[in-house]
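Right, one structure below, let's go through it.
The values are calculated or read from the model by the stated rules, or taken from the named source; none is laboratory data. Here the structure is a predicted model, which means the values were calculated and not measured. Reconstructed Cβ throughout: ideal geometry from the backbone, glycine too, with neighbour counts over all protein chains shown.
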Amino acid sequence: MLRLKEAQAVERLHPPVEEPAARARLTVDLDAIGRNFAAVRGALSQGAASAVVKRDAYGLGLVPVVRSLAAAGCRIFWVETFEEGLSVRQVVAGARVFVLQGLAGRRPQDFVEARLVPALGTAEEIALSARAAPGMSVAINLDTGLGRMGVLPDTFREIAAGSALESLDVAVLMSHLAGFSEPDRDGNRSQLALFQELSALVPDALPSIATSSFVYAGPRWHIGLARVGSALYGVHSARIAGYHSEPVIALDAPVLSVQGLQAGSSLGYRGDRIDEPRRIATIALGYADGLPEAFTDRCSAFVNNRRVAFVGDAAMTTTCVDVTGLADTEIRPRQRVEIVGPNQDINDLSGALGINPNRLLVAFGLSTHRTYQGGAGHG
Ligand SMILES: *Cc1c(COP(=O)(O)O)cnc(C)c1O
């Protein structure tokens, strides 16, 4: 067995090299994220913009993303967990950091010490915080119609009539709108009206209700603090006029091999027979890289800007594309094949698959090797 000391010596002799690995690669354009944040600010008729960087910044990498947002002037962040909050604090010393999970079983005092602000979502969390850490800064999450997380309206009216809120510094009152893909939906307007009625009970708290779609859906939604995720990362959360979010990611995968198959050969797990000779390139992209079901049936890849079809099914680490129409010089081992890029962005793929673009983004981001572009100092 290799003991730790020996293992460390081996490490020194053979440091792990960051090769342009024979793996799918996600390139994140940090400057584009900064520009998308600036566009959000420009679109708001009033109020401030904050960035949602939950789940490792939608899979794109918490630290580099937060750094580029801070460089673009962002000072308020929303994370999923306490641990993510600590990371943001380390990167941006003066940041205001809200934890969407709320206490999630931690002591209120932990948040005070870490200078993180929990988004309290139950009457119990509010009571516990008021008792255990009087004066602490909190956000309160109100459920105005999503039925997911947050204090229900009647419960909140009771709380506001009592004394618990007097022992807390309620910095933000937030709520989440259900119909993000159709901002004009009636349900959103009822939620907004209810939210405004409830926020009037705590006039000193900053109201926060708009997410990406609502930033671009007109001034009625621009109250207090907008919490924006998708629009920072190139995701169009609603198909509405004026929605702006430039592409942020590119995903490509290297060719591992190119093979000629004869007519009558079988291809893939389903054993499909081919009628004519074909040239097939195997690329290092599989379901372990976050490809959803049906990806190879409904989407294409691009080689030198030319569309190529997937053939067979995605395996764990490989898929195949049909390159019969390409010249020998156009397709060689190690060459990179575009999955997301200038020819098809994450929103196009989402449309072809009928799934939420964020689902694709986070799957690719958390599964593939990430590299960064722009964002001076850590490229
Ligand atoms: C994820 C999230 C957001 C961001 O929504 P986008 O549509 O991605 O802008 C805002 N608020 C809460 C509570 C969230 O969970």
Inset, instruction - Search region 209-234 for residues that are closer than 15 Å to residue 35 by Cβ and pair each with any residue that is modelled with pLDDT of 95 or more and charged (D, E, K, R) when their beta-carbon atoms are under 7 Å apart and the residues are at least 6 apart or on different chains. - result: 234/246; 234/345
Inset, instruction - Just give me the residues in region 106-132 being within 16 Å of the ligand (Cβ to nearest atom) and either charged (D, E, K, R) or outside the structural domain of residue 86 (by TED's automatic domain parsing) (or both), in sequence order. - result: 125
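Okay, residues lined up against (1) in contact (Cβ under 8 Å) with a residue 40 or more places away in the chain; (2) closer than 16 Å to residue 323 by Cα; (3) not assigned by TED's automatic domain parsing to the domain that holds residue 302:
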site: 244; (1), (2), (3): yes, no, yes
site: 255; (1), (2), (3): yes, yes, no
site: 260; (1), (2), (3): no, yes, no
site: 271; (1), (2), (3): no, no, no
site: 282; (1), (2), (3): no, yes, no
site: 287; (1), (2), (3): no, no, no
Inset, instruction - Looking only at region 136-151, decide whether some residue is without any contact (Cβ under 8 Å) to a residue 60 or more places away in the chain, under 27 Å from residue 237 (Cα atoms) and acidic (Asp, Glu). - result: yes
Inset, instruction - Can you confirm whether region 42-51 contains a residue that is out of contact with any Cys (no Cβ under 8 Å at 6 or more places or on another chain), surrounded by 16 or more Cβ atoms within 10 Å (Cβ to Cβ) and under 30 Å from residue 335 (Cα atoms)? - result: no
Inset, instruction - Can you work out which of the residues in region 216-228 that are in contact with a helix residue (DSSP H, G or I) (Cβ under 6 Å, 6 or more places away or on another chain) and within 10 Å of the ligand (Cβ to nearest atom) is farthest from residue 44 (Cα to Cα)? - result: 228
Inset, instruction - Determine which member of the set 3, 41, 89 is modelled with pLDDT of 95 or more, basic (Lys, Arg) and more than 16 Å from the ligand (Cβ to nearest atom). - result: 89
Inset, instruction - Please tell me if residue 255 is within 13 Å of the ligand (Cβ to nearest atom) and crowded, with 18+ Cβ neighbours inside 10 Å. - result: no
Inset, instruction - Mind counting the residues in region 348-365 that are surrounded by 17 or more Cβ atoms within 10 Å (Cβ to Cβ) and not β-branched (Val, Ile, Thr)? - result: 10
Inset, instruction - Taking the residues in region 52-81 that are over 13 Å from the mean Cα position of the chain (by Cα) and within 14 Å of the ligand (Cβ to nearest atom) as candidates, determine which candidate is surrounded by the fewest Cβ atoms within 10 Å (Cβ to Cβ). - result: 81
Legend entry - Flag for residue 365 being within 17 Å of residue 59 (Cα to Cα), touching a residue at least 60 places away in the same chain (Cβ under 8 Å) and of a type in the set (Gly, Ala, Ser): yes
